[in-house]
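Everything on this sheet refers to the single structure shown next.
Values in this text are rule-based calculations from the coordinates and carry no lab data. Only a predicted model underlies this, so the values are computations on that prediction, with no experimental measurement involved. As a convention, Cβ positions derive from the backbone with ideal geometry for all residues, glycine included, and neighbour counts pool all protein chains shown.
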Amino acid sequence: MSSRFTTRSLRTLSYKAFDIKRDEMMATYNDLNSLDDWFLRQAIDQAERGISIEDQRIPQTVALLGQPSIYLYATSIFDGEVGNGGVQQFFDNSSGALAPIVRDALQDMLLPKCADIMSRIIDAFGAPFPVSQFDRMDRIDSDPALQIILNEAYDAIDVWSSDYILARERYAKNNHLLK
């Protein structure tokens, strides 16, 4: 009984699929929303393949494109969570595993106040930062000081503010991901 696909042909199909995604990404997007949509599609594709964000924080299709794409990916996930339910929602969900990357991204995007509050939250969790959603939730539930910092972050980080959006947009343009 012979298999229709050999290991080599499956690998070739995989590379071709990645080339399509890479070519799609290598296009310079006209606006931040379109770029964010592409990043979110990568997160969805990863989840549909059964890969948890806790096991692989950055999809390979994004990681291979370099640090600017990693930072924009992480902040697009962060923006969705924070915009929907605040900073605590980000940390309560599996996407909170991205917190150290988000902090570094916010620093690189010249959003020091946002990066500082993220640093305070990350530091409050202790080292090493808990990747597990359940470990973070247990810590939040049992640490009143951490809850206070998260409440402060709710008011301090506004992902809908023009300063925040323009900083992300400028970062994407400076790194040739937007026209």
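Results, tabulated for the structure shown:
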| read-out | value |
| --- | --- |
| Fully extended contour minus Cα-Cα distance, from ALA127 to ASN151, at 0.36 nm per residue | 6.5 nm |
| Fewest-first sequence of TRP160, TRP38 by Cβ atoms within 10 Å of each Cβ | TRP160, TRP38 |
| Extended-chain gain in nm, criterion 0.36 nm per residue less alpha-carbon gap, ASP55 and MET137 | 27.8 nm |
| Computed FRET value (nearest 0.05) for ASP31 with LEU110, which takes r as the C-beta separation and R₀ as 22 Å | 0.65 |
| Ordering of 139-145, 74-80 by packing [mean C-beta count within 10 Å, highest first] | 74-80, 139-145 |
